[in-house]
Amino acid sequence: MAIIRNICLQFPSNLSNAKAENSVTTGKILRHSFCPPCNTITSNSNNRRGILSMSAIYHGIPRKVETVDGMNVNGIHVEEAPSEEANLENESAANVSLVTRLHGRFVEGRFVYRQIFVIRSYEIGPDKTATMETLMNFLQETALNHVTSSGIGGEGFGSTREMSLRKLIWVVTRIQVQVQRYGKWGDEIEVDTWVDAEGKNGMRRDWIIRDLCTEEIITRATSTWVIMNRETRRLSKIPEAVKQELVPFYLNRLAVAPEEQDCEKIDKLNDNNSERIRSGLAPRWNDMDANQHVNNVKYIGWILESVPIEVLEDYIMTSMTFEFRRECRQSNLLESMTCPTARVMESNNNSKNKNPDLQFTHLLRLQHDKADVVRARTKWHFKLK
């Protein structure tokens, strides 16, 4: 992630009005530059959206930042630029205000963190809609920026300051994602995230994804997290000092209703009850994250390696539940295993019930000793032609 130099993250006192303040007139084209006389600014007004191109310096490298109607694009949030007649002093103050919100903004009294993304061409699958991996990347990015922008972020990958002092990191133990609809290429989506306590020694993080245009909720997700020592790789209790950092941000709200939460045990697959096995899956260097283990999103692709091709072509994944069992390193080889469950429903596309057409159980395991890495359950509906 790019680091902004010589800027301290500060937030204005009235964040609830941020969205209204940052809206611009339909079709209006703005011009602004962080470091004049940087790059030439170009704009396009083919439709109702006004496009603003801006240049910011990240470690001395110019980087374009695009906005649509003054709102943040791909997680970057900027305000309306001051007029060209504004003096340099006011322009400098406006620049600082712009940079402080580069990652998104807080809403609902700083309990909810919000970002806006645009679905890019390289984030869609063969049917021109976002993939499950894309959605998981949006969730992860919003969560990390939530910690960074809250003012309690430490040196680690999503760790707080007190966690960094104690060499502690967060690890996810379970995550459930429900998809009502996948966004299309070019769609703008809005991601909200918040946290709450989970039992005596865990944290829950929830997300909601909306279609920015219609405000329809298209994805809900919930997850549980525990703390690990980054050197010993052993789980740790949450120190009291860390709890005190987190408590002011706790929000008692569920993204996934209790009756829809997938809390059932995920059965373990083996060589006898697995229908399909794909061996020899090797993590690459780019699959590793800043905590020196395989990024959680990478597991999705490996799980799908053992799903029948006709399922990938004719069905759409509507739910995925992960249960993380152990870390995976670059030196490990993995096996992907898939088996349909006993609860496979007959296809009924005219019905509005939520029963899946297909349901699978999955396992990723280490190839050398057969130890579980991830257990998963997926639900699929037949694609409407």
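The values are calculated or read from the model by the stated rules, or taken from the named source; none is laboratory data. Computed from a predicted structure; not experimentally measured. With ideal geometry, Cβ positions are generated from the backbone for all residues, glycine too; neighbour counts draw on all protein chains shown.
Some points to look at:
- Flag if ALA197 is small (Gly, Ala, Ser), in a strand (DSSP E or B), out of contact with any His (no Cβ under 6 Å at 6 or more places or on another chain) and surrounded by fewer than 16 Cβ atoms within 10 Å (Cβ to Cβ): yes
- Residues satisfying the stated conditions in region 144-170, i.e. assigned to a helix (DSSP H, G or I) and of a type in the set (Val, Ile, Thr): VAL147, THR148
- Qualifying residue in region 261-271 (condition: exposed (fewer than 12 other Cβ atoms within 10 Å of the Cβ), on the phi > 0 side of the Ramachandran plot and of a type outside the set (D, E, K, R)): no
- Sole exception among (1) touching a Ser or Thr at 6+ places or on another chain (Cβ under 9 Å); (2) hydroxyl-bearing (Ser, Thr, Tyr); (3) surrounded by 19 or more Cβ atoms within 10 Å (Cβ to Cβ) for TYR315, by number: (1)
- Listed conditions (1) in a strand (DSSP E or B); (2) over 18 Å from the mean Cα position of the chain (by Cα); (3) of a type outside the set (Asp, Glu); (4) buried (at least 20 other Cβ atoms within 10 Å of the Cβ) are all met by MET203, apart from (2).
- Test: ARG114 is under 15 Å from the mean Cα position of the chain (by Cα) and either modelled with pLDDT under 90 or basic (Lys, Arg) (or both): yes
- Selection within region 105-146: residues that are of a type in the set (Gly, Ala, Ser) and surrounded by fewer than 18 Cβ atoms within 10 Å (Cβ to Cβ). The member of this set that is farthest from ALA221 (Cα to Cα) is SER121.
- Restricting attention to region 221-242, the residues that are in contact with a helix residue (DSSP H, G or I) (Cβ under 8 Å, 6 or more places away or on another chain), in a strand (DSSP E or B) and farther than 20 Å from ASN291 by Cα total 1.
- THR224 vs. criteria closer than 22 Å to MET132 by Cβ, of a type in the set (S, T, N, Q) and free of Cβ contacts under 8 Å to residues at least 12 places away in the same chain: no
- Boolean, ARG120 is more than 24 Å from VAL374 (Cβ to Cβ), among the basic types (Lys, Arg) and in contact (Cβ under 8 Å) with a residue 12 or more places away in the chain: yes
- Residues of region 171-194 classified as assigned to a loop (DSSP other than H, G, I, E, B) and more than 16 Å from ILE124 (Cα to Cα), total: 1
- Test set (1) surrounded by 13 or more Cβ atoms within 10 Å (Cβ to Cβ); (2) at pLDDT 90 or above; (3) within 29 Å of PHE157 (Cβ to Cβ); (4) not β-branched (Val, Ile, Thr) - PRO308 fails condition number: (3)
- Taken over region 260-297, residues that are in contact with a helix residue (DSSP H, G or I) (Cβ under 8 Å, 6 or more places away or on another chain) and assigned to a helix (DSSP H, G or I) amount to 1.
- Residue count, region 250-259 (criterion: assigned to a loop (DSSP other than H, G, I, E, B) and touching a residue at least 12 places away in the same chain (Cβ under 8 Å)): 6
- Tally of residues being surrounded by fewer than 19 Cβ atoms within 10 Å (Cβ to Cβ) and either of a type in the set (Phe, Trp, Tyr) or closer than 12 Å to TRP194 by Cα (or both) across region 147-160: 1
- Among the residues of region 304-334, those identified as among the charged types (D, E, K, R) and under 17 Å from SER274 (Cβ atoms) are GLU305, GLU323, ARG325.
- The lone exception for ASP289 - which of (1) at pLDDT below 95; (2) in the same structural domain as ARG166 (by TED's automatic domain parsing) it fails: (2)
- Subset of region 331-369 (residues that are closer than 14 Å to LYS268 by Cβ and at pLDDT below 95): THR341
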